[in-house]
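The values are calculated or read from the model by the stated rules, or taken from the named source; none is laboratory data. No experiment lies behind these values; they were computed from the predicted model shown. Don't worry about glycine lacking a Cβ; one is built from the backbone with ideal geometry, like all the others, and counts go over all protein chains shown.
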Amino acid sequence: MRMMFIALCVALILVISTAAGRAPHPHAKIKGLAFVRVNVSDLAVSRGFYERNFQLGNHFNQCLATNSVCFRLSSSQSIELVQAEVPPGGSFLEEVGFWTDDLEGLHHYLSAAGVSVGEIFTGYDDRKRFELRDPENHRIAFVSDPLPGSFFTWATQLSRQLLHAGFVANDLQAENHLYRDILSFRLYWQGGFKDDGLDWYEIQVPNGHSWLEYMLNIPATADRAELGVQNHFSLGVKDIHATADQLRKNGLQKFDGPEIGRDGKWALDVYDPDGTRIEFMEFAPAQKPCCHPYTAGHPTP
């Protein structure tokens, strides 16, 4: 009798869920990064920087506001630039977006979990999205599946894939409660400047290989230049040395690297006109990382 009662309860829950037309979170796949939004002080200057050096040609003008441009890396990923004032101590990395196959289901799930989420709306690219603030007030968005249709890039485009975005995090436990406990992100890698330290904590999306990186142990007094280094995003490339050569041919002579990082991957760092760091990185490590092994699979080109 008791087992029959439990079965009836479960069936009732499923009926109610189906009737409401909302899928539970396990059915809402979070597949990867959809976009990064970067504030810039002079749109014309920054636009020229990204177009010339990274060879980005597929774009939407005035996508978010009058002074904005959105570069499409692929059919599912974009870099959004918005001219905006950033106060001292603020971040030029304005927002990070993730891509899901069930936006409405995820929105319902987060609301039911007690997360304050904004209303669903349609963006400049006709994809639906909603926004929220994470426990440390980082602006996060979720975006629906890309729409079918043709897509083109310049043949010389340096990268076609956002690998990760990183931002300063002060409370690891609070951040993990949202991203790991509620959203089911999984640990990818963690490490530090010293083998027993923890300065970088990387978590992958549940249904893909792009990741979010917490930049830990950053002092509250960090200036704009330091925050530009820490609040960053990364673009995937097959060959970091070929990328460095092409950047020089495109006219960019000053950047950091290439070098193998503590994570065992080849990478180099470029800084946009406002000091935001763009990290070009190979998809898989070239050697064993420091500190801890990887605990999830690597992205592929």
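Out of the residues in the stretch 141-175 that are among the hydroxyl-bearing types (Ser, Thr, Tyr) and under 24 Å from ARG127 (Cα atoms), state the one that is surrounded by the most Cβ atoms within 10 Å (Cβ to Cβ). First the steps, then the outcome.
Within the stretch 141-175, the subset among the hydroxyl-bearing types (Ser, Thr, Tyr) is 144, 150, 153, 156, 159.
Retained after the next criterion (residues that are under 24 Å from ARG127 (Cα atoms)): 144, 150, 153, 159.
Values: SER144: 22, SER150: 5, THR153: 17, SER159: 24.
In this case the residue turns out to be SER159.
Please return the ranges of strands (runs of 3 or more DSSP E) entirely within the stretch 41-123 where 2 or more residues are under 20 Å from the mean Cα position of the chain (by Cα) and at pLDDT below 95. Step through it out loud before you land on a result.
Numbers: elements: 59-61, 68-72, 78-83, 93-100.
Fully inside the stretch 41-123 and qualifying: 59-61.
Which one of these is within 24 Å of ALA141 (Cβ to Cβ), aliphatic (A, V, I, L, M) and surrounded by fewer than 19 Cβ atoms within 10 Å (Cβ to Cβ): ILE218, ILE260? Spell out how you get there, then give the answer.
On the way: ILE260 fails: within 24 Å of ALA141 (Cβ to Cβ).
Criteria check complete, one pass: ILE218.
Looking at (1) outside the structural domain of SER74 (by TED's automatic domain parsing); (2) in contact with a helix residue (DSSP H, G or I) (Cβ under 7 Å, 6 or more places away or on another chain); (3) surrounded by fewer than 20 Cβ atoms within 10 Å (Cβ to Cβ), find the lone condition where ILE203 falls short.
Of (1) outside the structural domain of SER74 (by TED's automatic domain parsing); (2) in contact with a helix residue (DSSP H, G or I) (Cβ under 7 Å, 6 or more places away or on another chain); (3) surrounded by fewer than 20 Cβ atoms within 10 Å (Cβ to Cβ), only one is false for ILE203: (3).
Residues LEU110, LEU64, LEU73: which one is buried (at least 20 other Cβ atoms within 10 Å of the Cβ), touching a residue at least 40 places away in the same chain (Cβ under 8 Å) and farther than 20 Å from LEU163 by Cβ?
Numbers: LEU64 fails: buried (at least 20 other Cβ atoms within 10 Å of the Cβ); LEU73 fails: farther than 20 Å from LEU163 by Cβ.
None of the others qualify; the one that does is LEU110.
In the stretch 250-276, which residues are among the polar types (S, T, N, Q) and under 19 Å from the mean Cα position of the chain (by Cα)? Explain how you work it out, then say what you get.
At the first step, the residues of the stretch 250-276 found to be among the polar types (S, T, N, Q) are 250, 253, 276.
Across the stretch 250-276, the qualifying residue is only THR276.
Quick one: count up the residues across the stretch 93-107 that are touching a helix residue (DSSP H, G or I) at 6+ places or on another chain (Cβ under 6 Å) and free of Cβ contacts under 8 Å to residues at least 60 places away in the same chain.
Qualifying residue count for the region: 0.
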